[in-house]
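The values are calculated or read from the model by the stated rules, or taken from the named source; none is laboratory data. The structure displayed is predicted, hence computed values, not measured ones. Cβ: placed from backbone, ideal geometry, glycine included. Neighbour counts: every protein chain shown.
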Amino acid sequence: MRSTLRELSDRVAAAMAALGLEGDPLVRPSTDPRFGDYQSNCAMGAARRAGGTPREVAEAILGKLDVADCCEPPDVAGPGFINFRLTPAFLARSLGRVPTAGEPGAERLGIDRTDHPTVVVVDLSSPNLAKEMHVGHLRSTVIGDCVARILEFQGHHVIRENHVGDWGTQFGMLVAYLRRTRPNVLDDLDRLVIADLEAFYVEAKSLFDRDEAFKKQSQETVVRLQRGDAETLRIWRAFCNESLRHCHAIYERLNVSLIDRGESFYNDLMPQVIDRLMRDGHARESDGALCVFCDGFQTREGAPLPLIVRKSDGGYNYATSDLATIVHRIETLGARRVIYVVGIAQKLHFDMVFAAARKAGWAGEGVALEHLGFGNVLSASGAPFKTREGGTVKLKSLMDEAVARARSVLESGGVIAAAGADEDAAADRPATGADAARAGMTSQEMDDIAETVGLAAIKYFDLQHNLVKDYKFDLDTMLALDGNTAPYMLYACARVRAIGRKAGIDFDSFCPEGGLVLEHPAEIALAKSLLRFAETIDQAAADLRPNVLTDYLYDLSKQFSRFYDRKQGVRVIDAEPPGVRVSRLRLCDLTARTLKLGLSLLGIRTLERM
RNA sequence: GCGCCGGUAGCUCAGUUGGACAGAGCAUCGGAUUUCUAAUCCGACGGUCGCAGGUUCGAGUCCUGCCCGGCGCGCCA
């Protein structure tokens with residue numbers, strides 16, 4: 001099964017070709033329902049290139065166009081738009097082909113995999129070890145995971161690499177500090193916890209900055225580490241293990257899986273990177289540092305801006321290790337596409353690293369290197385996101401707070417118990433079906449739901465925003481039950497699942513007989529939305545834009561709510577005749593499966609009850 | 001100083017290689033309720049798309065200049 005958009009595009013392209021017209025068919029979803037479901041904007045451009053008026057060209061294309069199997073006869077409107085209206089018969093036929101439970105491809109709704117699978121590396125999360133993950137790691141982790149899931153769904157072989165900061169001076173500093181001040185800690189490394197490690201780090205850094213002797217001691221420890229001193233390595237490993245344990249506790253809660261491959265992995269590769277650069281004449285010394293100069297990069301004085309790949313003290317820096325990642329990912333992992341999910345502030349750095357990799361010939365034309373940059377997470381007021389004391393906000397505490405707030409939303413029966421809200425409101429509110437569904441829940445079940453809703457809210461809110469912009473982190477908004485939020489969508493999912501239970505049907509083994517009946521406007525609108533899932537994934541993948549997917553899922557949820565609404569919509573469970581009832585239940589099932597699949601591509605779990 | 005990224009409704013944000021009268025949510029106001037989970041649905045109100053020029057059949061989108069905000073610009077990552 002392929003997307004309707006692609007199908008129409010191919011048809012228009014064929015018609016254009018038959019007329020000898022060049023150009024993209026420019027088929028898009030219509031901007032307004034009055035203009036149908038899809039429109040082609042190709043006639044205006046084609047007319048300019050080939051002569052004639054746009055409307056004449058559009059009419060000529062219509063003459064060659066065969067879409068009778070899926071659309072009403074298309075018409076030409078305005079300056080030369082071609083408008084397409086899908087027929088209910090086509091909608092019913094297309095959705096009817098979606099595999100039902102147990103059929104091959106059912107879990108992916110019959111959506112085709114790419115014809116050209118490639119190896120894609122996604123570089124995501126990448127926290128520094130010895131410190132707790134903080135709010136700054138949220139976006140890379142969540143966006144990177146989402147992008148990986150989408151590309152994986154398309155059939156690509158995706159490798160998620162967690163480029164953790166597990167090497168460098170901070171570790172020498174930490175070891176030296178503990179040796180000097182708390183040797184007992186080193187005797188019992190099993191008892192080390194991340195909070196201690198971070199506290200020690202802060203103390204060590206402070207000492208490092210004011211005590212020359214300690215600074216020297218730290219640097220000597222770094223050298224010992226680099227030379228592979230067994231005892232120093234043992235301590236370093238313990239630090240890394242504890243840090244990674246902390247990170248993976250968070251990844252597990254966030255439902256993110258990835259491979260740790262820290263900077264230390266590239267220790268042996270970095271000298272080779274340097275050797276190759278020097279051997280091939282791509283790098284030269286400048287002020288004692290080894291540099292690669294690429295065209296188009298300037299310092300503030302207008303001089304050529306170097307990418308420093310070896311510092312004047314002989315040490316490597318992050319440019320070196322990033323180049324090493326490129327070499328490893330292309331030459332060893334076989335990547336044809338490498339996506340670095342890193343804050344937008346580092347754009348220049350990656351532009352330079354990529355340019356250097358091209359110059360060195362490591363990344364040829366067949367390899368794409370992409371920096372998927374994103375903006376900052378700001379506080380609700382728009383200021384930088386800090387604790388009251390001015391420190392960084394721990395990711396774990398952020399997650400815990402969201403979960404706690406989700407729990408209080410659940411307990412108040414859907415009325416947000418925000419500060420200042422009227423606490424009596426919940427008591428006065430009449431009982432609802434949702435209340436009844438929650439009535440028999442244990443505290444444990446409520447906890448589980450709160451965990452899912454709270455974390456879904458954070459992730460969804462992040463992914464819902466355009467990547468390049470900063471956004472304001474606002475728990476009230478992301479946990480709201482109305483609007484484009486995770487709770488709204490999870491609720492829509494839970495509602496559909498409840499319909500199955502109430503109707504006495506197990507959707508997980510639902511293999512309906514007979515075709516879909518699409519007559520009511522709400523049925524047709526829901527069917528159209530369902531059918532747009534495939535093209536939405538295409539677009540989200542092509543542009544690496546998760547918010548394309550969130551916007552779609554919100555639209556689908558909305559269409560479902562209308563479909564199921566007692567005024568605007570249709571009866572389902574008690575619908576007559578039986579064929580109509582089955583058809584509507586099938587639409588419900590397709591909605592739930594589409595939402596579940598779509599949310600899973602965002603890394604969000606769905607709920608049976610809420 | 002140079003470069004990059006932003007500026008869209010009171011607020012938070014979408015806006016698909018330029019397409020039809022600029023969209024959604026929140027907030028505000030109004031309507032629907034003996035509930036198939038109303039944690040929902042419908043309606044109203046609300047915009048000089050930062051400003052000024054330009055390109056063209058057509059500009060929130062492209063170009064130029066300016067204003068405001070953020071970030072970056074040789075040995076931290």
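Is it the case that A:ARG93 is touching a strand residue (DSSP E or B) at 6+ places or on another chain (Cβ under 8 Å) and not aliphatic (A, V, I, L, M)?
So A:ARG93 does not fit the description; no.
Of everything in the range A:257-296 that's assigned to a loop (DSSP other than H, G, I, E, B) and without any contact (Cβ under 8 Å) to a residue 24 or more places away in the chain, which residue is surrounded by the most Cβ atoms within 10 Å (Cβ to Cβ)?
Just the residues of the range A:257-296 that are assigned to a loop (DSSP other than H, G, I, E, B), to begin with: A:257-258, A:261-262, A:267-268, A:280-282, A:287-288.
Applying the additional criterion that residues be without any contact (Cβ under 8 Å) to a residue 24 or more places away in the chain yields A:268, A:281.
Values: A:ASP268: 9, A:GLY281: 7.
By that ranking, first place goes to A:ASP268.
Among the residues of the range A:29-38, is there at least one that is within 10 Å of RNA strand B (Cβ to nearest atom), under 30 Å from A:ASP112 (Cα atoms) and surrounded by 22 or more Cβ atoms within 10 Å (Cβ to Cβ)? The answer is yes, given that some residue of the range A:29-38 is within 10 Å of RNA strand B (Cβ to nearest atom), under 30 Å from A:ASP112 (Cα atoms) and surrounded by 22 or more Cβ atoms within 10 Å (Cβ to Cβ).
Of all the residues in the range A:557-576, those that are part of a loop (DSSP other than H, G, I, E, B) and either within 8 Å of RNA strand B (Cβ to nearest atom) or in contact (Cβ under 8 Å) with a residue 12 or more places away in the chain (or both) number 11.
Of the residues that sit in the range A:149-167 and are more than 21 Å from A:ILE604 (Cβ to Cβ) and acidic (Asp, Glu), which one is surrounded by the most Cβ atoms within 10 Å (Cβ to Cβ)? My answer is A:GLU161. When A:CYS291, A:CYS240 are screened for being more than 10 Å from RNA strand B (Cβ to nearest atom), at pLDDT 95 or above and over 30 Å from A:ALA457 (Cβ atoms), only A:CYS240 passes.
Here's the yes/no breakdown for (1) in the same structural domain as A:LEU595 (by TED's automatic domain parsing); (2) under 25 Å from A:LEU585 (Cα atoms); (3) of a type in the set (Gly, Ala, Ser); (4) not in a helix (DSSP H, G or I):
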{"position": "A:ILE61", "(1), (2), (3), (4)": "no, no, no, no"}
{"position": "A:PRO73", "(1), (2), (3), (4)": "no, no, no, yes"}
{"position": "A:VAL76", "(1), (2), (3), (4)": "no, no, no, yes"}
{"position": "A:GLU103", "(1), (2), (3), (4)": "no, yes, no, yes"}
{"position": "A:ARG139", "(1), (2), (3), (4)": "no, no, no, no"}
{"position": "A:ILE143", "(1), (2), (3), (4)": "no, no, no, no"}
{"position": "A:CYS146", "(1), (2), (3), (4)": "no, no, no, no"}
{"position": "A:ILE150", "(1), (2), (3), (4)": "no, no, no, no"}
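Screening the range A:433-507 for helices (runs of 4 or more DSSP H) wholly inside it with 2 or more residues that are more than 17 Å from A:THR550 (Cα to Cα) and over 22 Å from the mean Cα position of the chain (by Cα) returns the ranges A:433-439, A:443-464, A:486-503. A:GLY102 fulfils the conditions (1) under 26 Å from the mean Cα position of the chain (by Cα); (2) in contact (Cβ under 8 Å) with a residue 40 or more places away in the chain except for a single criterion, (1). Candidates in the range A:39-50 are the residues that are more than 6 Å from RNA strand B (Cβ to nearest atom) and of a type in the set (A, V, I, L, M); of these, the one that is surrounded by the most Cβ atoms within 10 Å (Cβ to Cβ) is A:ALA43.
Condition first: within 13 Å of RNA strand B (Cβ to nearest atom), at pLDDT below 95 and farther than 30 Å from A:VAL120 by Cα. Can you find one or more residues in the range A:577-600 that meet it? There is no residue in the range A:577-600 that is within 13 Å of RNA strand B (Cβ to nearest atom), at pLDDT below 95 and farther than 30 Å from A:VAL120 by Cα.
The residues on offer are A:ALA431, A:ALA406, A:ALA419, and the sole one that is at pLDDT below 75 and within 12 Å of RNA strand B (Cβ to nearest atom) is A:ALA431.
Of all residues in the range A:8-38, those satisfying the criterion of being over 15 Å from A:LYS528 (Cα atoms) and not in a loop (DSSP other than H, G, I, E, B) are A:SER9, A:ASP10, A:ARG11, A:VAL12, A:ALA13, A:ALA14, A:ALA15, A:MET16, A:ALA17, A:ALA18, A:VAL27.
Between a residue in the range A:471-486 that is closer than 14 Å to A:ALA402 by Cα and any residue that is among the acidic types (Asp, Glu), which pairs come within a Cβ distance under 9 Å, given they are 6 or more apart or on different chains? Listed by first residue and then by second, the contacts come to A:PHE473/A:ASP462; A:LEU475/A:GLU401; A:MET478/A:ASP462.
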